[in-house]
1. Residue by residue through segment 102-152, note down the ones that are touching a residue at least 60 places away in the same chain (Cβ under 8 Å) and under 22 Å from residue 336 (Cα atoms).
2. Take residue 297 and tell me if it is assigned to a loop (DSSP other than H, G, I, E, B), of a type in the set (A, V, I, L, M, F, W, C), in contact (Cβ under 8 Å) with a residue 24 or more places away in the chain and buried (at least 20 other Cβ atoms within 10 Å of the Cβ).
3. Looking at residue 483 and the list (1) touching a Pro at 6+ places or on another chain (Cβ under 9 Å); (2) surrounded by fewer than 18 Cβ atoms within 10 Å (Cβ to Cβ), which single condition is not satisfied?
4. Pull up segment 453-509, narrow it to residues that are outside any loop (DSSP other than H, G, I, E, B) and of a type in the set (D, E, K, R), then point me to the one that is farthest from residue 245 (Cα to Cα).
5. Could you look through segment 360-379, keep only residues that are over 14 Å from residue 421 (Cβ atoms) and under 24 Å from the mean Cα position of the chain (by Cα), and pick out the one that is surrounded by the fewest Cβ atoms within 10 Å (Cβ to Cβ)?
6. Right, residue 382: under 19 Å from residue 510 (Cβ atoms), in contact with a helix residue (DSSP H, G or I) (Cβ under 7 Å, 6 or more places away or on another chain), buried (at least 17 other Cβ atoms within 10 Å of the Cβ) and in the same structural domain as residue 160 (by the TED database) or not?
7. Output yes when any residue across segment 71-94 is assigned to a helix (DSSP H, G or I) and either more than 22 Å from residue 507 (Cβ to Cβ) or of a type in the set (Asp, Glu) (or both), and no when none is.
8. Name the residue, out of 254, 277, 266, that is in contact with a Gly (Cβ under 9 Å, 6 or more places away or on another chain) and on the phi > 0 side of the Ramachandran plot.
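The values are calculated or read from the model by the stated rules, or taken from the named source; none is laboratory data. In this text, all values refer to a predicted model and were calculated from it rather than measured experimentally. Here the Cβ positions follow ideal geometry from the backbone for every residue, glycine too, while neighbour counts run over all protein chains shown.
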Amino acid sequence: MSYDYIVVGGGSAGCVVAGRLVREAGAKVLLLEAGSSDRSPLISMPAGSFKILFGNSPYIKRYTSLPQPSLGGRRVEIAQGNVIGGGSSVNALAYTRGSRLAYDAWDEYLGGLGWGWDDLLPYFVRQERNSRLGGWAHGRNGPLAVSDPFYRCRAADLFVESMQALGVPHTSDFNAGDQRGVGYLQLTAGNARRCSAADAFLKPVRSDKRLTLVTGATATRLLMHGTRAVGVEYVARGQVHRACCDGEVILTAGAYCSPKLLMLSGIGPAAELARHGIEVLVDLPGVGQNMQDHNMVPLTAYTNGAYGYFGHERGVRAAWNLLQYLLLSSGPIASNGAEAVAFVNVDDPEGEPNLQIYNIGTMWLEEGQGKPDHGLTLLANLIRPRSRGWMRLASADPLADPEFSPNYLEHPEDLALMTGAIHYLRRILATAPLSRAIRSELLPGPSVNSDEEIAAYCRAATITNYHPVGSCRMGPASDTMAVLDAWLRVRGTECLRVCDASMMPLIPSANTNAPVMAVADRAVDLMLGRASLRAERLARAASR
């Protein structure tokens, strides 16, 4: 059977692309997803994301890095969604778009070809069904449910009040282009149930005969006729299959697997391909390079009472929480665990934020770091990192995981900023009313005080925020490391695009789920030869 389009990867981007192509273009689409179905009740429960992320879940694919010199030689683990909906089915539901700065930088880099904040904003708005916000910056009628937290622990409120006492303004909207301030995260959820990209964009066409969805399907290589993509080879349930298309192959497999599939197919750095005996079809040195990720460091403290979620997962309390969730759509199970956040500039209160701070109503502990008890965690997250990583093939075996090196804190400015961030988090803990709830600091601990000691702690404790991007970046023809053009087409090929987080030349200052869905929405307009939503609106305004 032949298709109009083959979409490789059923995550946040793939669900948007496949859903729109079927619904609006009437196209026959094959959607391949390496992971499983998304029917687990844990996926729909906001608090279920922690069980999935920190348990032995089949909905997560875990990758382990090469030893990191910038982190004293330790390896870091990065988890990615392994289920229909991808990260949008397993993440902490945060709906953040980022500031206009990164998107306008994309557009300037590309020469004004429609990737600025004003160009992407209409896609964010069109997708959104916001329960509270409206106006020019928010949608009320889209498929993606977006809501305020359905439950907040007391630690979240104390954090917000203490940040305001430090002079950080309260904001009721992080998503209108200016992120500065402290407030409560909006979530991709409705009625205290997760709304993933699969729920919003794929579910409406799941029964459409023009959509063929195959789960448990790992793409092993692209089928190429010369430099034209004509199909995909994949393995499902132990059998090798080949699928062909008359239109385009669209990669939405994420920042690790999209470049991996290109390289397995002979598209990538010639020397790297030759190392594994892969015939070079198109020499693109930028494939697998320019990787960026938000990384974060925890500050963990004991509280002098029950301000968070300790003990809520056991015994009678757990049973009551489940009943409260099922009957009232409230309680701890309705929480994503990180209800309150702040976007600040540690060096300049009036400057563009360089740090996102999460307030977590529990103690974020690795094995052996301390005894769990009533407590909280503040996570300092670098949202504009300067460090750049890379990924490459470990072998020519398509089922082998790639090798990667995120290079967290490699750039000295990143390490200096993270060191300053720990000082800033301590100021928050020392500010009333939150200070009155704190019993003692556990990590990094009261004995860690000098910049050198804190920097060493940061190198030992830095973890991912699960936002890898940039490994197939788009860029102008003058950039030899650009893998994609401004239409997301793979350079040197025909009928092949990459439409996921890989395409980002610069990481947005946001949890990347919402930006990826907006990019995918814009990509469909590009595939169908349609004007951007911004151009349509300007044309309508000019005709009045």
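1. 124, 127, 129, 143, 144, 149, 150, 151, 152, listed by residue number.
2. Considered against the rule, which asks whether it is assigned to a loop (DSSP other than H, G, I, E, B), of a type in the set (A, V, I, L, M, F, W, C), in contact (Cβ under 8 Å) with a residue 24 or more places away in the chain and buried (at least 20 other Cβ atoms within 10 Å of the Cβ), residue 297 comes out as no.
3. Residue 483 satisfies every listed condition except (2).
4. 453
5. Only one residue fits best here, namely 366.
6. In short, yes.
7. no
8. Of 254, 277, 266, the one residue that is in contact with a Gly (Cβ under 9 Å, 6 or more places away or on another chain) and on the phi > 0 side of the Ramachandran plot is 254.
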